[in-house]
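Reading through the structure tokens given below for one structure.
The values are calculated or read from the model by the stated rules, or taken from the named source; none is laboratory data. These figures come from a predicted structure and were not determined experimentally. So basically every Cβ, Gly included, is an ideal-geometry build from the backbone, and we count neighbours across all protein chains shown.
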Amino acid sequence: MAELGELVGVLKAAGEGTRLRLLALLADGDHSVKDLTEILKQSQPRVSRHLKLLADAGLVERNAEGAWAYYGLSQNGHGAALAQWLIGRIDPADAERRRDRERQDAVRAVQQEQAAEYFAKVAGSWDLLRRLHVPEEAVEAAVVKALAGQDIDLLVDLGTGTGRMLEVLAGSYRRGIGIDSSREMLSVARARLSSAGIGHAQVRLGDIADLDVSVGAADVVVIHQVLHYFDDPGRMLAQARRLLKPGGQMLIVDFAPHDLEFLRTDHAHRRLGLSDAQMQAWASAAGLAVRDERSFPSDTGQEGLTVCLWRLVDQT
């Protein structure tokens with residue numbers, strides 16, 4: 001239960017027309033201040049002031065990203081519950097709400113076009129995986145199956161890239177956070193999540209080699225095709241372990257050992273695959289245990305890559 005003074009403060013913050021419009025827009029996904037000024041047709045200082053009041057009241061969350069900041073609805077606390085209650089009572093046919101949504105759609109269309117242009121520039125990496133016949137569909141189906149029927153409040157996707165895992169697993173979690181160090185990739189991820197109508201996942205700029213544990217205590221951490229970019233995957237696992245709740249689990253997808261040296265010289269891979277023995281040792285050192293492992297060979301035999309899926313469980 002909230003104290004009377006705290007509740008009055010939250011109600012005052014929410015009880016204003018522009019701030020209600022902001023809450024409704026953020027229910028559709030994260031936005032920057034620049035996005036919101038374009039949608040609301042108000043000045044940047046005015047929008048920032050409204051957002052600060054909402055953030056101070058615990059109704060929205062602010063996530064810094066370099067010189068920019070992205071805002072989203074709070075996921076926990078009295079403010080989060082009140083925001084959801086208010087948004088659920090806004091008439092979607094309201095004329096002002098319809099205009100805001102039309103402008104929001106226009107802003108996102110521009111963002112998706114920019115993301116598509118960037119994706120076209122880096123598409124070689126994805127084309128490479130197709131040439132090597134990596135069994136992506138089978139792996140994704142196995143990842144979904146591994147989490148089926150579980151109660152997952154928070155899922156964190158490290159090295160989220162284009163946000164594909166957040167999209168694939170959207171039906172498995174109540175809240176998802178993707179972290180990546182590439183602003184360009186995060187633009188692609190935001191466009192992808194928006195296009196898919198996934199409003200309960202957010203992406204943030206961050207260094208996954210030096211994680212900020214304030215992200216939250218996660219039920220599940222996903223590390224998909226990331227560890228081979230690190231000289232010391234064991235250190236990365238130990239970092240990721242700090243995000244897990246007691247008894248939480250990790251899903252790791254990566255290549256089995258291979259001898260395709262050009263992936264190191266031309267595509268920045270630091271490790272030419274990861275073995276089961278290595279994973280067992282790294283997991284044990286991080287306070288984790290390998291519970292399951294599955295392999296997915298390519299359909300080209302020795303010419304392609306085998307992908308492995310490991311499920312690690314916290315032992316505390």
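Remarks
- Of the helices (runs of 4 or more DSSP H) lying entirely inside the stretch 221-316, those containing at least 1 residues that are under 19 Å from Asp210 (Cβ atoms) and polar (S, T, N, Q) are 233-241.
- Among the residues of the stretch 185-220, those that are closer than 24 Å to Thr316 by Cβ and part of a strand (DSSP E or B) comprise Ala218, Asp219, Val220.
- Candidates Ala191, Ala218, Ala209, Ala268, filtered to the one that is modelled with pLDDT of 90 or more and not polar (S, T, N, Q): Ala218
- Which numbered condition Gly248 fails, given (1) farther than 16 Å from Asp219 by Cα; (2) buried (at least 17 other Cβ atoms within 10 Å of the Cβ); (3) under 26 Å from the mean Cα position of the chain (by Cα): (1)
- Search result, residues across the stretch 129-169 that are surrounded by 15 or more Cβ atoms within 10 Å (Cβ to Cβ) and assigned to a loop (DSSP other than H, G, I, E, B): Leu132, His133, Val134, Pro135, Leu147, Gly159, Thr160, Gly161, Thr162, Gly163, Leu169
- Hits in the stretch 170-184 - residues which are under 11 Å from the mean Cα position of the chain (by Cα) and not in a strand (DSSP E or B): Ala170
- Where helices (runs of 4 or more DSSP H) fall wholly inside the stretch 1-116, the ranges with 3 or more residues that are surrounded by fewer than 14 Cβ atoms within 10 Å (Cβ to Cβ) and modelled with pLDDT under 85 are 4-14.
- Checklist (1) touching a His at 6+ places or on another chain (Cβ under 7 Å); (2) modelled with pLDDT of 90 or more applied to Ala201, failing item: (1)
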